[in-house]
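Just below is one structure, and these are the notes that go with it.
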């Protein structure tokens, strides 16, 4: 505190009485409290039991501040986790509850401790009126022994009970006191030094620079690499995915086979992402269970096995009473060959490549393994018109825009050029194909047709198959297959 520039003498701010022993200080504190003084304080070189009760100091409010801030911190942590994990981004895992208190205890605990620590730190500063950059008691030479072997009692002149002469006489009458000292305010100026002002201005300007840099980076683009002062995560022994693992700084590769990552284990899928292979491939595995047997026609071999063996006809039975025709001894059957004769081998034509053996057809799904509704057919029509009609045409006759344009270019180009038109979906070969084979063709393509497995989801590919079957029914269907109500509607429309 600084003195007023208009006054020549410093202003008195309190009285300080000195004691040589703690017992005398406790007695003096008790008398001051009973006299009605409230703005008092005691200074001792070590903690003195009973000093708070002697001075009438009330319990601090700091525990209540800490408790309040701790409850607020825990509540904030609980609400933060509930709103994020249960409302905005819920975790739906198996049959677990959307929100469970035990799983959120760690964050609640940490925020409670954090807010309590802030309450202790800032609450202590606030209640003790800190920071105090200058204390007039430090200018009293005798007060330097307050941390050594002397005990002091101070009273502020702003106390309601303070009377200059009466209070000083009371202090001088204390037993064991060794002196009463007047305390005056600090006469030094209270203005900050010029150097401190300039340093503060420079720091304030420097604090504005990082936000300006961030704002500039947010609203602009740059081709330069980012500033990365900590490069431990960039320069390290690691390998990128789908790359070859080689020696690095004399160390061997990550895996002996030179891979940077392990391949997937065949036949495994991510948890929760399993899909019936029949739905994905259109092929019934040889080890399929009964849940897919309903998709297939009954095997002919099984039907034949269930039928009883037919009795041979009468004319096929050899007559028991009819002797066999005798043949000459030197007679030979017409198809009999000499014993040393070699079997005839089919000779390939000259210049012709050997024909590879035909691969067996997979066990195709005969009918689509999804529920077929009017919505399914509409979805299939929509996907067919987007992906298929450009080549096969809207009616599936192989006369799409691509095919027609190709024939136009052939007519205008050099003679001898040819164009193989897309398959007509109404041919017998396509009509007789199982639905699984059509699905496989859509997925992987055939001849010059590309596969659409990466572009069209499996459900949409099966929907396209249902729409292809609907297109074929427009050519192969009979009036008997149309419901009576629909047939009546068509007759009324003249169709």
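Name the residues in the stretch 114-148 that are part of a helix (DSSP H, G or I), in contact with a strand residue (DSSP E or B) (Cβ under 9 Å, 6 or more places away or on another chain) and surrounded by 12 or more Cβ atoms within 10 Å (Cβ to Cβ), would you?
Answer for the stretch 114-148, where residues must be part of a helix (DSSP H, G or I), in contact with a strand residue (DSSP E or B) (Cβ under 9 Å, 6 or more places away or on another chain) and surrounded by 12 or more Cβ atoms within 10 Å (Cβ to Cβ): 136, 137, 139, 142, 143, 145, 146.
Give the residues of the stretch 100-113 that are surrounded by fewer than 15 Cβ atoms within 10 Å (Cβ to Cβ) and either in a helix (DSSP H, G or I) or touching a helix residue (DSSP H, G or I) at 6+ places or on another chain (Cβ under 7 Å) (or both), sorted by residue number. So that I can check it myself, show each step before the final result.
Applying the first criterion (surrounded by fewer than 15 Cβ atoms within 10 Å (Cβ to Cβ)) to the stretch 100-113 yields 100-103, 105-106, 109-110, 113.
Once the filter is applied, which keeps residues that are surrounded by fewer than 15 Cβ atoms within 10 Å (Cβ to Cβ) and either in a helix (DSSP H, G or I) or touching a helix residue (DSSP H, G or I) at 6+ places or on another chain (Cβ under 7 Å) (or both), the stretch 100-113 yields 102, 103, 105, 106, 109, 110, 113.
Would you pick out the residues in the stretch 442-480 that are over 24 Å from residue 375 (Cβ atoms) and either part of a helix (DSSP H, G or I) or touching a residue at least 60 places away in the same chain (Cβ under 8 Å) (or both)?
444, 479, 480
If residue 211 meets every condition in (1) under 40 Å from the mean Cα position of the chain (by Cα); (2) without any contact (Cβ under 8 Å) to a residue 12 or more places away in the chain; (3) surrounded by 10 or more Cβ atoms within 10 Å (Cβ to Cβ) apart from one, which number is that one?
(3)
Determine which single condition residue 186 fails, assuming it passes every other condition in (1) over 20 Å from residue 24 (Cα atoms); (2) assigned by TED's automatic domain parsing to the domain that holds residue 32; (3) modelled with pLDDT of 90 or more.
With respect to (1) over 20 Å from residue 24 (Cα atoms); (2) assigned by TED's automatic domain parsing to the domain that holds residue 32; (3) modelled with pLDDT of 90 or more, residue 186 is out only on (3).
Regarding residue 80, is this residue assigned by TED's automatic domain parsing to the domain that holds residue 101, modelled with pLDDT of 95 or more and more than 30 Å from residue 164 (Cα to Cα)?
So residue 80 fails the test.
Collect the residues in the stretch 263-286 that are in contact (Cβ under 8 Å) with a residue 60 or more places away in the chain and assigned to a loop (DSSP other than H, G, I, E, B), keeping them in residue-number order.
Those that are in contact (Cβ under 8 Å) with a residue 60 or more places away in the chain and assigned to a loop (DSSP other than H, G, I, E, B): 275, 276, 282, 284, 285, 286.
Is it true that some residue in the stretch 481-493 is at pLDDT 80 or above, touching a helix residue (DSSP H, G or I) at 6+ places or on another chain (Cβ under 8 Å), surrounded by 12 or more Cβ atoms within 10 Å (Cβ to Cβ) and not in a helix (DSSP H, G or I)?
The answer is no, given that none of the residues of the stretch 481-493 is at pLDDT 80 or above, touching a helix residue (DSSP H, G or I) at 6+ places or on another chain (Cβ under 8 Å), surrounded by 12 or more Cβ atoms within 10 Å (Cβ to Cβ) and not in a helix (DSSP H, G or I).
Could you check, for the stretch 86-108, whether at least one of its residues is assigned by TED's automatic domain parsing to the domain that holds residue 35 and within 21 Å of residue 29 (Cβ to Cβ)?
Our first condition is that a residue be assigned by TED's automatic domain parsing to the domain that holds residue 35; within the stretch 86-108, this holds for 86-108.
Next, only the ones that are within 21 Å of residue 29 (Cβ to Cβ) stay: none.
No: the stretch 86-108 contains no residue that is assigned by TED's automatic domain parsing to the domain that holds residue 35 and within 21 Å of residue 29 (Cβ to Cβ).
Scan (1) at pLDDT 75 or above; (2) in contact with a strand residue (DSSP E or B) (Cβ under 9 Å, 6 or more places away or on another chain) for the single condition residue 280 breaks and write down its number.
All conditions pass for residue 280, except number (2).
Residues in the stretch 31-81 that are closer than 24 Å to residue 107 by Cα and out of contact with any helix residue (DSSP H, G or I) (no Cβ under 9 Å at 6 or more places or on another chain): how many?
Of the residues in that region, 3 qualify.
Starting from residues that are under 51 Å from the mean Cα position of the chain (by Cα) and outside any helix (DSSP H, G or I), keep the ones in the stretch 30-84 and report whichever is farthest from residue 121 (Cα to Cα).
59
For the stretch 245-268, name all the residues that are modelled with pLDDT under 75 and either surrounded by 10 or more Cβ atoms within 10 Å (Cβ to Cβ) or touching a helix residue (DSSP H, G or I) at 6+ places or on another chain (Cβ under 9 Å) (or both).
Result: 245, 246, 248, 252, 253, 254, 255.
Can you tell me which condition residue 174 does not meet? The list is (1) at pLDDT 90 or above; (2) part of a helix (DSSP H, G or I); (3) under 24 Å from residue 44 (Cα atoms), and all the others hold.
Result: residue 174 fails condition (2) only.
Just the residues that are over 45 Å from the mean Cα position of the chain (by Cα) and either touching a residue at least 24 places away in the same chain (Cβ under 8 Å) or not assigned by TED's automatic domain parsing to the domain that holds residue 400 (or both), please, taken from the stretch 431-441.
431, the sole residue that qualifies.
Take the residues in the stretch 52-73 that are over 13 Å from residue 155 (Cα atoms) and crowded, with 17+ Cβ neighbours inside 10 Å; name whichever of them is modelled with the lowest pLDDT.
Here the residue is 54.
Note down all Cβ pairs under 7 Å where the first residue falls in the stretch 86-100 and is more than 20 Å from residue 271 (Cα to Cα), the second is at pLDDT 85 or above and part of a loop (DSSP other than H, G, I, E, B), and they're at least six residues apart or on different chains.
86/99
Can you tell me which of 405, 379 is over 16 Å from residue 435 (Cα atoms), in the same structural domain as residue 449 (by TED's automatic domain parsing) and without any contact (Cβ under 8 Å) to a residue 12 or more places away in the chain?
405
The values are calculated or read from the model by the stated rules, or taken from the named source; none is laboratory data. Everything numeric in this text was worked out from a predicted model, so none of it was measured. Ideal geometry is used to build each Cβ from the backbone, glycine not excepted, and the neighbour counts take in all protein chains shown.
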